[in-house]
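What follows is a short report on a single structure.
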Amino acid sequence: MNRQKIISAIVVLLLIGATAGVLARAKTNQKLGAPGIKSRPLAGGNNLELLLPETVPGYTSEIMTNAEDIMKILPADSSYRVRYYKAPDGFAAQLNVVLMGSDRTSIHKPQICLTGQGWAIDNNLTRVESLHLERPVAYDLPVRKLISTKQFTGADGQPQTARGIYVYWFVDGDKMTANPLQWMLWWMPRDLLLHGLLERWAYVSYFSACRPGQEEATYARMKKLIAETVPEFQLVPRPGK
């Protein structure tokens with residue numbers, strides 16, 4: 001590791017430590033911010049039902065059962081929802097939303113989930129991009145795109161290769177970003193320190209698998225699905241602001 005990398009690592013560790021200190025001091029008087037995702041309270045707890053769109057032109061959809069192993073690792077006041085969309089021609093994509101409560105650890109690195117499911121991420125193909133949406137106002141949505149590969153055994157017993165396209169970003173009650181450090185190390189400590197407000201961040205992701213060579217076509221379909229669905233459940237940006 002060269003000198004520049006060592007210095008960068010030290011700076012990041014110091015920032016994380018400072019952030020943790022600010023969060024600890026502000027926690028006693030904090031207020032919980034409004035989410036940037038459509039939701040409604042669930043009876044008997046602090047969790048919310050996340051309202052992901054059921055009806056999308058050209059797709060059928062279904063709510064996927066919240067896996068017990070996922071719910072066990074999330075803090076108790078986290079909210080979580082997965083909806084699966086499928087087109088008649090076989091294209092399909094999964095929409096996942098994790099909404100934090102009072103505990104930021106609800107949201108973790110996407111690399112943990114992907115690699116845990118056997119996907120190998122191609123870091124050379126990781127990109128931050130802007131997707132243009134027209135609703136509720138014209139704006140550019142910042143996203144991070146990951147490309148991954150998975151080896152598996154097909155129904156015929158032969159080895160197969162799949163490619164996975166994973167697109168994600170973060171949103172709170174009035175901001176959105178594709179950079180986790182921006183909200184973890186800057187926006188969240190700032191809002192806690194200045195306003196005693198713990199913004200309720202959500203981690204939004206879309207995933208679709210395809211055959212090698214179909215990555216661009218699959219991503220194009222994903223962008224259209226994102227443009228159709230995001231205005232139906234994401235409250236940011238808000239018209240007039």
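The values are calculated or read from the model by the stated rules, or taken from the named source; none is laboratory data. Since the structure is predicted, the reported quantities are computational estimates derived from the model, not experimental observations. Glycine gets a Cβ as well: all are built from the backbone with ideal geometry, and neighbour counts include every protein chain shown.
Does residue 140 meet the test of being part of a loop (DSSP other than H, G, I, E, B) and not β-branched (Val, Ile, Thr)? For residue 140, the condition - part of a loop (DSSP other than H, G, I, E, B) and not β-branched (Val, Ile, Thr) - is not met. The combined condition, being touching a strand residue (DSSP E or B) at 6+ places or on another chain (Cβ under 8 Å), touching a residue at least 12 places away in the same chain (Cβ under 8 Å) and closer than 23 Å to residue 115 by Cβ, is fulfilled by residue 165. Just so you know, in segment 77-100 the residues that are assigned to a loop (DSSP other than H, G, I, E, B) and buried (at least 20 other Cβ atoms within 10 Å of the Cβ) include one that is modelled with the highest pLDDT, and it is 100.
Yes/no matrix, rows are residues, columns are (1) at pLDDT below 95; (2) in a helix (DSSP H, G or I):
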residue: 75; (1), (2): yes, no
residue: 105; (1), (2): yes, yes
residue: 132; (1), (2): no, no
residue: 149; (1), (2): no, no
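For segment 173-191, indicate whether the set of residues that are outside any loop (DSSP other than H, G, I, E, B), in contact with a Lys or Arg (Cβ under 6 Å, 6 or more places away or on another chain) and buried (at least 17 other Cβ atoms within 10 Å of the Cβ) is non-empty. Within segment 173-191, none of the residues are outside any loop (DSSP other than H, G, I, E, B), in contact with a Lys or Arg (Cβ under 6 Å, 6 or more places away or on another chain) and buried (at least 17 other Cβ atoms within 10 Å of the Cβ). Entry remark, segment 202-241: residues being part of a strand (DSSP E or B) and of a type in the set (S, T, N, Q) number 3 in total. So which residues in segment 135-180 are within 17 Å of residue 236 (Cα to Cα) and of a type in the set (D, E, K, R)? 135, 140, 172, 174, 175 - these are the residues of segment 135-180 that are within 17 Å of residue 236 (Cα to Cα) and of a type in the set (D, E, K, R). The sole residue among 81, 127 that is in contact with a strand residue (DSSP E or B) (Cβ under 6 Å, 6 or more places away or on another chain) and within 19 Å of residue 210 (Cβ to Cβ) is 127.
Kindly check whether there is at least one residue in segment 147-166 that is touching a helix residue (DSSP H, G or I) at 6+ places or on another chain (Cβ under 8 Å), within 26 Å of residue 35 (Cβ to Cβ) and not aliphatic (A, V, I, L, M). Yes, segment 147-166 has at least one match. Looking for something in contact with a strand residue (DSSP E or B) (Cβ under 7 Å, 6 or more places away or on another chain) and either surrounded by 20 or more Cβ atoms within 10 Å (Cβ to Cβ) or in a helix (DSSP H, G or I) (or both) - is there at least one such residue anywhere in segment 151-162? No, because not a single residue in segment 151-162 is in contact with a strand residue (DSSP E or B) (Cβ under 7 Å, 6 or more places away or on another chain) and either surrounded by 20 or more Cβ atoms within 10 Å (Cβ to Cβ) or in a helix (DSSP H, G or I) (or both).
Screening residue 230 with (1) of a type in the set (A, V, I, L, M, F, W, C); (2) in contact (Cβ under 8 Å) with a residue 40 or more places away in the chain; (3) farther than 15 Å from residue 168 by Cβ gives one miss only, at (3). Among the residues of segment 164-199, the one identified as at pLDDT 95 or above and basic (Lys, Arg) is 175.
Every condition in (1) out of contact with any Pro (no Cβ under 8 Å at 6 or more places or on another chain); (2) in contact (Cβ under 8 Å) with a residue 24 or more places away in the chain; (3) farther than 16 Å from residue 220 by Cβ; (4) part of a strand (DSSP E or B) holds for residue 145 except the one numbered (3).
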